[in-house]
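Written out below as structure tokens is the structure these notes cover.
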Amino acid sequence: MEELIEHPITHNIGLGSVNINDPRVKNREMRWHVLFDIIEKEKYENIVEVGSQEGRTPWYILKNSTRESVNVSIVDPYLYYDGYGYKEPFSMTDVEKQARKYLNEFVESNRCHFYKDYSINTAKEFKDESLDLVFIDANHTYKYVKEDIESWYPKIKKGGMLAGHDWCDGFPGVEQAAKEYFQPLNKDIKLAHNTVWLVKK
């Protein structure tokens, strides 16, 4: 494979960015690196990201994958809420524009699809056991993480994966919701770089 390409926002300090010189970027330890490696290794094709901001993760996956069959659906209402993690004048309108700008080439080639709606509503648009990987990176409070897991786990094929972001002290609801759902199912929750958590179905 050719040298992997980083998202343009990663090269500059700015809205929601990580600097290209950050050791996590240099060592390929950001969430998009973790997911890309899994997708390539497992030959996953049908991906959903719940909570996408400027679309850096789907952009990285689609830009670097050599398989045209890989497609990513983005689920995000692009609405600001308390506890979002960024302060005003952070503009969700600007974030959405960035995502659509960077992902436009993949939208035109039918490899990227935007669902501008809440997660639990959009999950109903997908058939059970139709997806290879779902990545949850939306509202990190317990209630919403629980709803996202309950809504999306049935949509994943056997052998597919549910993953999420920010398994850390700053967002205790993530760990609580994931453990409550998966421990009764005897499913192992694995942790990866950049606070990514993973469950294989």
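What follows is calculated from the coordinates using simple rules that are stated; it is not laboratory data. Please read these numbers as outputs of a predicted model, since none were measured by experiment. FYI the Cβ positions are ideal-geometry reconstructions off the backbone, even for glycines, and counts take in every protein chain you see.
What number, in percent, do you get for the relative contact order of the chain if the mean sequence gap of Cα pairs under 8 Å and at least 6 apart is divided by its residue count?
Answer for the chain is 19 percent.
Could you grab the Rg to Rh ratio for the range 141-181? Cα atoms only, Kirkwood for Rh.
Value, to two decimals: 0.98.
At most 16 other Cβ atoms within 10 Å and a DSSP loop assignment: could you name the trypsin sites (Lys or Arg not before Pro) in the range 33-81 that fit?
For trypsin sites (Lys or Arg not before Pro) across the range 33-81 that sit outside H, G, I, E and B with at most 16 neighbouring Cβ atoms in 10 Å, the list reads Lys43, Arg67.
What value, in deg cm²/dmol to 500, does the helix sum -39500 (n - 2.57) over DSSP H runs of n ≥ 4 give at 222 nm once divided by the residues of the chain?
Computed ellipticity for the chain at 222 nm equals -10000 deg cm²/dmol.
Going by amide H atoms built from the backbone, whose H comes under 5 Å of the H on Met161, apart from near neighbours?
So Met161 has HN proximity to Leu133, Val134, Lys201.
Using the Karplus curve 6.51 cos²θ - 1.76 cosθ + 1.60 with θ = phi - 60°, work out ³J(HN,Hα) for each residue of the range 99-111 in order, rounded to whole Hz, and write x for Gly and Pro.
4, 5, 5, 6, 9, 4, 4, 7, 5, 5, 8, 6, 9
In debye, nearest 20, what is the charge dipole magnitude of the chain about its Cα centre with +1 on Lys and Arg Cβ and -1 on Asp and Glu Cβ, if you could check?
Charge dipole, the chain, about its Cα centre: 360 debye, nearest 20.
What share of the DSSP beta bridges in the chain is antiparallel, in percent to the nearest 5?
Looking only at bridges with both residues in the chain, the antiparallel portion is about 30 percent.
Please turn the phi angles of the range 175-192 into ³J(HN,Hα) values with the Karplus equation 6.51 cos²θ - 1.76 cosθ + 1.60 (θ = phi - 60°), one per residue in order, whole Hz, x for glycine and proline.
Karplus-based 3J(HN,Hα) across the range 175-192 equals 4, 4, 5, 5, 5, 4, 7, 8, 4, x, 8, 6, 9, 6, 9, 9, 10, 10 Hz.
Binning at 10 angstrom from zero up to the longest distance, how are the C-alpha pair distances of the chain distributed in percent?
8, 37, 41, 13, 0
Positive end of the dipole of the range 29-200, charges at C-beta (+1 Lys, Arg; -1 Asp, Glu), about the Cα centre: which of Ser119, Ala163, Gly55 has its Cα farthest in that direction?
Ala163
From the cross-link list Lys97/Lys146; Lys124/Lys187; Lys41/Lys190; Lys124/Lys157; Lys124/Lys155; Lys158/Lys200, which pairs have alpha carbons spaced over 19 Å apart?
Checking Cα-Cα distances, Lys97/Lys146; Lys124/Lys187 exceed 19 Å.
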